[in-house]
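The values are calculated or read from the model by the stated rules, or taken from the named source; none is laboratory data. The structure presented is a predicted model; accordingly, all values stated were derived computationally and were not measured. Heads up, the Cβs are rebuilt from the backbone with ideal geometry, glycines too, and the neighbour counts pull from every protein chain shown.
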Amino acid sequence: MNKTIKLLEKLSNGHGPTGFEGQIRQIIREEITNPEISIDTDGLGSLICKIEKDKQSPKIMLSAHMDELGLMVRYITEEGFIKFQTLGGWLDQSIVNQRWIIMTKSGNIKGVTGIKTVHVMTETERKQIFPKDNLFIDVGAKNKQDAEERLGILPGDPISPDSSFEFLNSDNLLLGKAWDDRVGVALLIETLNSLDSKKLPNNVFGSCTVQEEVGLRGAITSSYTIAPDININLEVGVAGDYPGMNPNLAQEKVGAGPSIFLHDSSMIPNLKLRDFCIDTAKNLNIPIQFSVISGYGEDGAAAQKSFGGIPAINIGIPTRYLHSHNGIIDLNDFIKAKMLVKNLVENLDETTVKSIKSFD
Ligand code: CO
């Protein structure tokens, strides 16, 4: 258990904005300890982990994305303030007054997104949202030259949220950044580590993808690299259990078990695969939740549309406050999801896969 928490902490604290996932790739290489697993990368940087049984057995692909929402240095003003490009779907008001890490060639530089103080705002300004294009990061530089030469900041440097993992007033609620999708990455790592090829009726691939937050880019290339028969995508679920949310928007509750997505804007799952997941969970006595949401997007959608079409499903860990510096998940949901995913993988034999792939 301790090991699981340590892994979640390490992955949440790790910095890997979209397109700059190197640090997360490194953590995964360290944490995959099952000697049967070989690790490779595809041409875009996604990690391809593999437990191969034989060439004839079906290929099951677990996937989870390594990247997190971030920013990128666009240019430095003459006064030494950092203007930025957003990486991924930020809400403007989630960017304001936060701490950030600028990942330069020579190390991490701290910064903060400031806005003008309330004391000098007009009545209208006090009610307004500050659009991201007007924002900047203050790194305490004297001027542009100081930012470039002393701090080593350059256009194109990635910027990651600065927010540390901690327990939220309990021993099961975990507060941190980047649960989207490091919780999926942790699930993928622990599932792969728990597998034994002698007990597997299939070949298992773990695809840790890059650049999900800007359009499932890594999932496209890794799906074509692996050519799976089935894809089980591991992601954050969308919790709807706090003020301002209601079941019309999102149905999941943190702590009530892993979720199965029945609809998001990128994918409708394969129905036989959906039923296989529901039956497996029932047999294991794992409580599951369903998610029907109108937005969102996930890597399963890219896998589903690769080659001639591949059965895919998205399994979620309910998460509050996605795409911000502070997300909340429940360790118990993670543990139940791990049991479910391991069992799904171990039971996807040739006959089951054939039946899932058939529309007769
Ligand atoms: Co995600």
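Being of a type in the set (A, V, I, L, M) and either within 16 Å of the ligand (Cβ to nearest atom) or assigned by TED's automatic domain parsing to the domain that holds Lys253 (or both) is a property that holds for Ala178.
Residue pairs whose Cβ atoms lie under 6 Å apart, sitting 6 or more positions apart in sequence or on different chains, and linking a residue in region 337-360 that is touching a residue at least 12 places away in the same chain (Cβ under 8 Å) to a partner that is acidic (Asp, Glu), are Lys338/Glu190; Val353/Asp229.
For the condition in the same structural domain as Val210 (by TED's automatic domain parsing), in a loop (DSSP other than H, G, I, E, B) and either surrounded by fewer than 16 Cβ atoms within 10 Å (Cβ to Cβ) or hydroxyl-bearing (Ser, Thr, Tyr) (or both), Ser57 qualifies.
So in region 224-235, with the set limited to residues that are within 16 Å of the ligand (Cβ to nearest atom) and of a type outside the set (A, V, I, L, M, F, W, C), which one is farthest from Gly316 (Cα to Cα)? Among residues in region 224-235 that are within 16 Å of the ligand (Cβ to nearest atom) and of a type outside the set (A, V, I, L, M, F, W, C), the one farthest from Gly316 (Cα to Cα) is Asn231.
Gly237 passes every criterion in (1) surrounded by 24 or more Cβ atoms within 10 Å (Cβ to Cβ); (2) part of a helix (DSSP H, G or I) apart from (2).
The criterion of at least 1 residues that are surrounded by fewer than 17 Cβ atoms within 10 Å (Cβ to Cβ) is met by the following strands (runs of 3 or more DSSP E) wholly inside region 267-352: 289-292. For region 115-142, residues that are closer than 19 Å to Met103 by Cα and either free of Cβ contacts under 8 Å to residues at least 40 places away in the same chain or not aliphatic (A, V, I, L, M) (or both) total 3.
Residues checked against (1) closer than 21 Å to Ser291 by Cα; (2) buried (at least 21 other Cβ atoms within 10 Å of the Cβ); (3) within 17 Å of the chain's Cα centre (by Cα); (4) of a type outside the set (Val, Ile, Thr):
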{"position": "Glu148", "(1), (2), (3), (4)": "no, no, no, yes"}
{"position": "Trp179", "(1), (2), (3), (4)": "yes, yes, yes, yes"}
{"position": "Gln211", "(1), (2), (3), (4)": "no, yes, yes, yes"}
{"position": "Gln251", "(1), (2), (3), (4)": "yes, yes, no, yes"}
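Whenever a residue of region 161-173 is in contact (Cβ under 8 Å) with a residue 60 or more places away in the chain, its partners that are part of a loop (DSSP other than H, G, I, E, B) and not aliphatic (A, V, I, L, M), lying with C-beta atoms within less than 7 angstrom and at least six residues away or across chains, give the pairs Pro161/Gln98; Pro161/Lys177; Pro161/His325; Ser163/Lys177; Ser163/His325; Ser163/Asn326.
The rows are residues; the columns are (1) more than 28 Å from Ala219 (Cβ to Cβ); (2) out of contact with any Leu (no Cβ under 6 Å at 6 or more places or on another chain); (3) of a type in the set (A, V, I, L, M).
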position	(1), (2), (3)
Gly240	no, no, no
Glu252	no, yes, no
Gly255	yes, yes, no
Ser266	no, yes, no
Leu271	no, yes, yes
Asp275	no, yes, no
Asn285	yes, yes, no
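Tell me whether region 201-212 contains one or more residues that are outside any loop (DSSP other than H, G, I, E, B), over 16 Å from Ile102 (Cα atoms), out of contact with any helix residue (DSSP H, G or I) (no Cβ under 7 Å at 6 or more places or on another chain) and assigned by TED's automatic domain parsing to the domain that holds Arg320. The answer is yes; a qualifying residue exists.
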